[in-house]
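Only the coordinates and a few stated rules stand behind these numbers; no lab work does. Just so it is clear, the model here is predicted, and its values are computed rather than measured. In this analysis, Cβ positions are derived from the backbone assuming ideal geometry, glycine residues included, and neighbour counts consider all displayed protein chains.
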Amino acid sequence: MSIAAGAPSRAEVLTLFRSFLRVARKFTDYNIREYTKRRTIDAFRQNRNLMDPSAISAAFSDGKAQFEVANRQAVVYSLYAPKLKSVMEVRGLFTYLDARFQGTL
């Protein structure tokens, strides 16, 4: 099976996928970080079975454009994000609250 000149290689696609996941880790907000990871995985799964080289190239180009958007958004969110962690990220919060309500603190 021949790959068209404009179609990206498997390595390029995997590099883009990993880059998306790295950008997702840059988001300080838990919800946005998890949404970005989930959206990345879903989009790559949706395009996994593309066979037409022009469709593959179009999906890859769209992915690169979306990657640039996500990268810019990560920078913007890091500038204006609150310094507080989400309840999902706080370790030991429930232990602390349990101890407080039982009067041991």
Sites S61 and K83 - FRET efficiency at Förster radius 35 Å, r taken between beta-carbons, to 0.05: 0.40
In Å, the C-alpha Rg and Dmax of the stretch 10-101 are 17.5, 62
Reachable aspartates and glutamates, given that their alpha-carbon falls under 19 Å from the alpha-carbon of K83 and they are not under 8 places away in the same chain: D29, E34
